[in-house]
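Undergrad: Got a structure here, written out as structure tokens. Questions coming.
The values are calculated or read from the model by the stated rules, or taken from the named source; none is laboratory data. Values in this document were obtained by computation on a predicted structure and should not be read as measured data. Here the Cβ positions follow ideal geometry from the backbone for every residue, glycine too, while neighbour counts run over all protein chains shown. Surface accessibility is based on the protein's heavy atoms, side chains included, excluding ligands, DNA and RNA. Shrake-Rupley method; radii C 1.70, N 1.55, O 1.52, S 1.80 Å.
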Amino acid sequence: MRIAINCRSFLNKNYTGIGRYAYNLVKSLSEIDSRNEYWLYAQKKYFDFKRKVPRVPASNFAVKVDWLGQGIAKTLSPIDIYHSPSPDFINIERARVIVTVHDLVYKTYPEGHTPQTRETAEHQLIGIVDRADKIICCSQSTIHDLKQYFPFRKDQVCLVYQGVDKNIFYPLPDEERKVARQVLAKKGLTGPFVLFVGTIEPRKNLQNLLLAFSILKNKKQFKGKLLVSGMKGWMIEGLEEVIRNFHLEDDVIFPGYVSDDELRYFYNLCEVFVFPSFYEGFGFPIVEAFSCGAAVITSNVSSCPEIAGDAALIVNPYNPDEIAAAIVRVIEDAALMAGLKDKALKRAGNFSFLKNAEETLAVYQEVAAAK
């Protein structure tokens, strides 16, 4: 087979969840499949130094750069399979098309998006359902949402869980733990801290986490910091007001986008990782935290309980008192914390980028055979 994969989601250096998925899919496919021919489609303008063309050492992988913005059809020679690892406008005729749909957040949490982004996403999904031979979803929750809003053939959609890179996210050995503490000290973290990881936007529910943290402070139930690790997204103006109104200026640290090493240190050294998101298609931070052996608290909505299984405390994300009470339970109950950490590592074993690539390759083969 001749297989083309769109690489737009990991051309920028600081890619997040979808980019991490697409990059690891390509990397893992190159490790398990030497028979098929792969073309990595990358759209990049001349003198665009922010985007980096991917390099894959496998001899059956080649990069095709669209320097002039001509589109996939004109850039690629005839192919059998075209895979877009995230929703996009599909402009290719003579190929079987596979698209990964991570979530339908613009439908389920529309208040977190502008009218323009909702309209664009709607047109993309309508086109995908109409054109795609197979739609890969990363959770049963996303399949449920897709079924609720769009008509599709029963055999058009399949579930392939995403993975976690265990070369990046793992429990720290003692020597690396010492280095980690030194790095965190430079960021103002010398004591215990609660961790949140994710793009700072409304659906991540940082506001209710801040309210929960203020409850802990007012009741003197926790003396440490709240570390909020993630890039700023959109509609975040109200967070600064919450921090001011509840006098949390000295208690909340925003390090911005951090390296993989730093993120691993955060997961390993936090008292508890709290991820009270209103909506997730998969929830990469949950499995990253699991892979590092962190105690996790997450939401009882969308895919969060599906991905967490029995390895996390599950809370109502709309209730700051419940979030605060869960944090107190973990930090005050050593047996509970130890149990969650043990379950986290076991649960992380269910999620592998290698397994993701194997199952995705099986989808390619299925679609090709259906010709």
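Undergrad: If I ask for residues that are in contact (Cβ under 8 Å) with a residue 60 or more places away in the chain and under 21 Å from the mean Cα position of the chain (by Cα), which ones from the range 332-346 would you list?
TA: LEU345
Undergrad: Considering only residues of the range 78-111 that are in a strand (DSSP E or B) and within 17 Å of the chain's Cα centre (by Cα), which is nearest to SER277 (Cα to Cα)?
TA: Step by step, filter the range 78-111, then rank; the result is VAL101.
Residue-wise test of (1) on the phi < 0 side of the Ramachandran plot; (2) charged (D, E, K, R); (3) modelled with pLDDT under 95; (4) open to solvent by less than 10 Å² (accessible area, probe 1.4 Å).
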position: GLU262; (1), (2), (3), (4): yes, yes, no, no
position: VAL272; (1), (2), (3), (4): yes, no, no, yes
position: VAL287; (1), (2), (3), (4): yes, no, no, yes
position: ILE297; (1), (2), (3), (4): yes, no, no, yes
position: ASN316; (1), (2), (3), (4): yes, no, no, no
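Undergrad: Being within 16 Å of ASP260 (Cα to Cα) and surrounded by fewer than 19 Cβ atoms within 10 Å (Cβ to Cβ) is the filter here; which residues of the range 166-179 pass it?
TA: Of everything in the range 166-179, those that are within 16 Å of ASP260 (Cα to Cα) and surrounded by fewer than 19 Cβ atoms within 10 Å (Cβ to Cβ) turn out to be LYS166, ASN167, ILE168, TYR170, PRO171, LEU172, GLU176, ARG177, VAL179.
Undergrad: Report, ordered by the first and then the second residue, all pairs with beta carbons closer than 6 Å, sequence separation of six or more or different chains, a first member in the range 304-331 that is over 15 Å from LEU226 (Cα atoms) and in contact (Cβ under 8 Å) with a residue 40 or more places away in the chain, and a second member that is open to solvent by less than 10 Å² (accessible area, probe 1.4 Å) and polar (S, T, N, Q).
TA: Hits for this filter: GLU306/SER139; PRO317/ASN205; PRO317/SER299.
Undergrad: Please find, among VAL258, VAL274, the residue that is outside any helix (DSSP H, G or I), more than 14 Å from the chain's Cα centre (by Cα) and without any contact (Cβ under 8 Å) to a residue 60 or more places away in the chain.
TA: VAL258
Undergrad: Considering only residues of the range 195-213 that are of a type in the set (A, V, I, L, M) and part of a helix (DSSP H, G or I), which is surrounded by the fewest Cβ atoms within 10 Å (Cβ to Cβ)?
TA: Among them, the one singled out is LEU211.
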